[in-house]
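Since the structure comes first, as structure tokens, the remarks are kept for the end.
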Amino acid sequence: MGRKSPYPEEFRKDAVALYRAVAGRRTYAAVAADLGITAESLRTWVRKAEAQSVPEGRDGSGSAAEELARLRAENARLLKAEQEWRLEREILRRAAACFAREVK
């Protein structure tokens, strides 16, 4: 196991929050340089925070049957939504064709 971090927990949480606030605009190295730490330390803290924020039921604690049931329900919902989108697209295509005939 690794050694204990010389940085207090509050500092690590603040560093992670700062990185998340500027995510996409600044790199780990840039944020870490501002804080006087290494980029790898910051990266490790961010990954640890992300792992701890996994929503309940998705961390592998549920049974395989529960996960399968959840995925099947989600798949059914997505298939139904896709059918609705296809119907909507077909209706819009017909409306556009009618409009095009009227404009000519």
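The values are calculated or read from the model by the stated rules, or taken from the named source; none is laboratory data. Owing to the predicted nature of the structure, the values given are computational and were not obtained by experimental measurement. Cβ atoms come from the backbone with ideal geometry, glycine included; neighbour counts cover every protein chain shown. Accessible surface areas use protein heavy atoms only, side chains included; no ligands, DNA or RNA. Shrake-Rupley method; radii C 1.70, N 1.55, O 1.52, S 1.80 Å.
Hey, what number do you get for the chain at 222 nm if only DSSP H runs of n ≥ 4 count, each worth -39500 (n - 2.57), divided across all residues, to the nearest 500?
-24500 deg cm²/dmol
The list (i) 18.2, 66; (ii) 24.6, 77; (iii) 15.8, 53 gives values of Rg and Dmax of the Cα atoms in Å, and only one came from this structure; which label was calculated from it?
Evaluating Rg and Dmax of the Cα atoms in Å on these atoms matches (ii).
Using the Cα centre of the chain as the reference point, and only Cβ charges (+1 on K/R, -1 on D/E), how large is the resulting charge dipole? Debye, rounded to the nearest 20.
420
If we sort 75-87, 3-15 on the protection proxy, mean other Cβ atoms within 10 Å, highest first, what's the order?
Ranking the peptides 75-87, 3-15 by packing returns 3-15, 75-87.
Within the chain, what whole-number % of the accessible surface is contributed by carbon and sulfur, with the 1.4 Å probe and all protein chains included in the calculation?
56
Probe of 1.4 angstrom, ligands and nucleic acids ignored: what's the accessible area per residue over the chain, in square angstrom?
85
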